[in-house]
Ligand SMILES: CCCCCc1ccc(-c2ccc(S(=O)(=O)CCO)cc2)cc1/C=C\c1ccccn1
């Protein structure tokens, strides 16, 4: 098949983002602060500014019982579920179906006073990754979202400020087979989730407002999303 114009960028970005997501907090450079903890979920951020704008990188690690990496990525990637779990979403459009595992989105997020409303145009790619460390270990799954230009949706034309985001959701399934050789159930699986994001708010927003939004919204978002996947999958066959 003919390659899509974005394919080289997507492939490079996915490899780069997954490599960074796999690094432990200690290896990711200094300056990470743990700012939220809830059971197995730990959320870190680094305070960074670009041109005076807060672009704090965020890294969350979480272990969730009863779901697999494929299931987590499936519900994160597919547009049909997004309104169910993404509470800050005002509108979402699929601008282009690049392939069955790669889409282009236009999203507007609800306005957060006193900043202006934000929108994002980004490609989203879902991929299964070979577990190159442990050959017979379960595979890893990832979804990478990365802002891109779309000639038919130029930035900052309407009322919304265009944000620039890079997001990587990396999932590693763990299977603990039952001793007595009975079939594997959801009690025998868990998923280690690493969520990394860098969001450039695109235009002026007070640092205090941005940091308050992230501090409040990110823990809520990851908790709500993982709870959503647990509820959606509990009565369905396991998707490995
Ligand atoms: C003044 C406010 C500026 C920030 C507004 C904003 C920017 C980006 C984003 C955002 C967050 C997660 C993604 S994703 O992981 O790709 C999933 C698909 O939606 C894409 C976009 C949201 C929000 C607004 C609120 C907010 C901030 C964190 C967490 C959750 N909501």
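The values are calculated or read from the model by the stated rules, or taken from the named source; none is laboratory data. Everything numeric here is computed off the predicted structure, so don't read it as measured data. Cβ coordinates were reconstructed from backbone atoms using ideal geometry, including for glycine residues, and neighbour counts include every protein chain displayed.
If I ask for residues that are more than 8 Å from the ligand (Cβ to nearest atom) and in contact (Cβ under 8 Å) with a residue 40 or more places away in the chain, which ones from the range 99-115 would you list?
99, 102, 104, 106, 108, 114
Given the residues 159, 192, which is the only one that is within 22 Å of residue 106 (Cβ to Cβ), in contact (Cβ under 8 Å) with a residue 24 or more places away in the chain and more than 11 Å from the ligand (Cβ to nearest atom)?
On the way: 192 fails: within 22 Å of residue 106 (Cβ to Cβ).
Selected residue: 159, the only one of 159, 192 that is within 22 Å of residue 106 (Cβ to Cβ), in contact (Cβ under 8 Å) with a residue 24 or more places away in the chain and more than 11 Å from the ligand (Cβ to nearest atom).
Hey, could you check the range 133-148 for residues that are assigned to a loop (DSSP other than H, G, I, E, B) and surrounded by 10 or more Cβ atoms within 10 Å (Cβ to Cβ) and say which is nearest to the ligand (Cβ to nearest atom)?
148
Of everything in the range 195-214, what is more than 7 Å from the ligand (Cβ to nearest atom), more than 19 Å from the chain's Cα centre (by Cα) and in a helix (DSSP H, G or I)? Give them in sequence order.
207, 208, 212
Can residue 177 be described as farther than 18 Å from residue 85 by Cβ, surrounded by fewer than 19 Cβ atoms within 10 Å (Cβ to Cβ) and near the ligand (Cβ under 10 Å from one of its atoms)? Before the answer, list the steps.
Working: farther than 18 Å from residue 85 by Cβ: yes; surrounded by fewer than 19 Cβ atoms within 10 Å (Cβ to Cβ): yes; near the ligand (Cβ under 10 Å from one of its atoms): no.
Spelling it out, it is not the case that residue 177 is farther than 18 Å from residue 85 by Cβ, surrounded by fewer than 19 Cβ atoms within 10 Å (Cβ to Cβ) and near the ligand (Cβ under 10 Å from one of its atoms).
Take the conditions more than 21 Å from residue 215 (Cα to Cα) and either surrounded by 15 or more Cβ atoms within 10 Å (Cβ to Cβ) or within 12 Å of the ligand (Cβ to nearest atom) (or both) and apply them to residue 82. Does it pass?
Spelling it out, residue 82 is indeed more than 21 Å from residue 215 (Cα to Cα) and either surrounded by 15 or more Cβ atoms within 10 Å (Cβ to Cβ) or within 12 Å of the ligand (Cβ to nearest atom) (or both).
Among 71, 49, 96, which is the only one that is surrounded by fewer than 17 Cβ atoms within 10 Å (Cβ to Cβ) and at pLDDT 95 or above?
Sole residue among the options that is surrounded by fewer than 17 Cβ atoms within 10 Å (Cβ to Cβ) and at pLDDT 95 or above: 96.
Name, by its number, the condition in (1) over 20 Å from residue 225 (Cβ atoms); (2) modelled with pLDDT under 95; (3) surrounded by 15 or more Cβ atoms within 10 Å (Cβ to Cβ) that does not hold for residue 112.
For residue 112, the failing item is (1).
Taking helices (runs of 4 or more DSSP H) that fall entirely within the range 1-114, which contain at least 2 residues that are touching a helix residue (DSSP H, G or I) at 6+ places or on another chain (Cβ under 9 Å)?
Details: elements: 7-22, 69-77, 82-85.
In the range 1-114, the matching helices (runs of 4 or more DSSP H) lie at 69-77, 82-85.
Which condition number in (1) more than 13 Å from the ligand (Cβ to nearest atom); (2) without any contact (Cβ under 8 Å) to a residue 40 or more places away in the chain; (3) within 17 Å of the chain's Cα centre (by Cα) is the one that residue 92 fails?
So residue 92 meets the others, but not (1).
Taking residue 63 and the conditions (1) touching a residue at least 40 places away in the same chain (Cβ under 8 Å); (2) farther than 18 Å from residue 171 by Cα; (3) more than 15 Å from the ligand (Cβ to nearest atom), which numbered condition does it fall short on, given that it satisfies the others?
Of everything listed in (1) touching a residue at least 40 places away in the same chain (Cβ under 8 Å); (2) farther than 18 Å from residue 171 by Cα; (3) more than 15 Å from the ligand (Cβ to nearest atom), residue 63 misses just condition (2).
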